[in-house]
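Here's the structure we're looking at; comments come further down.
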Amino acid sequence: MRDDALSRIADALDRLAPTDPAPPDFADADAFVWHIDPDRLDPVTRVNRIDLDLLVGIDRPRDTLLGNTRRFAAGSAANNALVWGARGMGKSSLVKAVHAVVSRELPLCLIEIQREDLPSISRLMALLRRSDRRFLLFCDDLSFSYEDSHYKSLKAILDGGIEGRPENVLFYATSNRRHLMPRDMIENERSTAISPSEAVDEKVSLSDRFGLWLGIHPCDQDQYFAMIRGYCDAYRIDISDSELRAEAIEWQQTRGSRSGRVAWQFICDLAGRRGISLR
């Protein structure tokens, strides 16, 4: 009787224990989103992105990231990359556009993971390690706040741990912060710690684990207008330079800022007023 009771308890525990998710058929799509509770990779049939040629004023980061991604997809050595800089200047658009270019040349799968799901990243890595595909793991708008320990999960994957990062996985992140931490948080650690340099090192060492730091800076007036003219040409919006410049400057002034995002929002408004679809 005792053995029967123990067997029933063991069976119940087995049913309650989470099972390792089955890997999806990566031939179904070139992009997936990682979800937890339960762990799964959902295919994305149509990625929200724009063509790489439409990203103006970021030539150096574009070429560097494109070359790094091509080398990885071809099976050569490549670096994890942090694309950081000004808001609305196309950091996430750059990553997605580079993936689109490279995936047309070589098999490469893009997987998006949310910042709040970083503690599950080791489980995702274990799943990807079993595949013969190559994966570009992408976390958009990555940053950490006070008492946020999620960065420790990522540190172990980027550089360290007994297994290390799988050879078939590369990690790209975008952030408005170069060191992924608020500046006042770093300064507070420096001013209050017994050993200021050690305290700061602990906080900024995550960004050090990215082999590539690609900075994207605010655009000037000419670059802003070049972005808008490029969109007009790509979507066949017929408008003179003088009229376009006047409307674009007015739009910029009402928004109080100038960036790639503001340029795209202006194009959406202009196309809508003219009955033009951007699909």
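Here are a few things to note about the model shown:
- When the stretch 63-94 is filtered for residues that are more than 23 Å from D208 (Cβ to Cβ), in contact with a helix residue (DSSP H, G or I) (Cβ under 6 Å, 6 or more places away or on another chain) and either at pLDDT 95 or above or basic (K, R) (or both), the ones remaining, listed by number, are L66, R70, A73.
- Among the residues making up the stretch 17-28, a single one is of a type in the set (A, V, I, L, M, F, W, C), out of contact with any Cys (no Cβ under 8 Å at 6 or more places or on another chain) and modelled with pLDDT of 80 or more: A27.
- Of all residues in the stretch 172-187, those that are under 14 Å from S93 (Cβ atoms) and crowded, with 21+ Cβ neighbours inside 10 Å have Cβ atoms under 8 Å from Cβ atoms of residues that are modelled with pLDDT of 70 or more and among the basic types (K, R), 6 or more apart or on another chain, in T174/K91.
- Each residue in the stretch 125-146 was checked for being without any contact (Cβ under 8 Å) to a residue 60 or more places away in the chain, assigned to a strand (DSSP E or B) and of a type in the set (A, V, I, L, M), and 1 of them qualify.
- Taking each residue of the stretch 66-84 that is assigned to a helix (DSSP H, G or I) and looking for partners that are of a type in the set (D, E, K, R) with beta-carbon atoms closer than 8 Å, six or more apart or interchain, yields R70/E105; F72/R134; A73/E105; A73/R134.
- Test: residue in the stretch 137-159 that is buried (at least 18 other Cβ atoms within 10 Å of the Cβ), among the aliphatic types (A, V, I, L, M) and modelled with pLDDT of 90 or more: yes
- G275 meets each of the listed conditions (1) assigned to a loop (DSSP other than H, G, I, E, B); (2) in contact with a Lys or Arg (Cβ under 9 Å, 6 or more places away or on another chain) apart from (2).
- Options V102, V98; residue that is more than 13 Å from the chain's Cα centre (by Cα), at pLDDT 95 or above and open to solvent by less than 10 Å² (accessible area, probe 1.4 Å): V102
The values are calculated or read from the model by the stated rules, or taken from the named source; none is laboratory data. Nothing here was measured: the structure is a model prediction, and the numbers come from that model. With ideal geometry, Cβ positions are generated from the backbone for all residues, glycine too; neighbour counts draw on all protein chains shown. Accessible surface areas use protein heavy atoms only, side chains included; no ligands, DNA or RNA. Shrake-Rupley method; radii C 1.70, N 1.55, O 1.52, S 1.80 Å.
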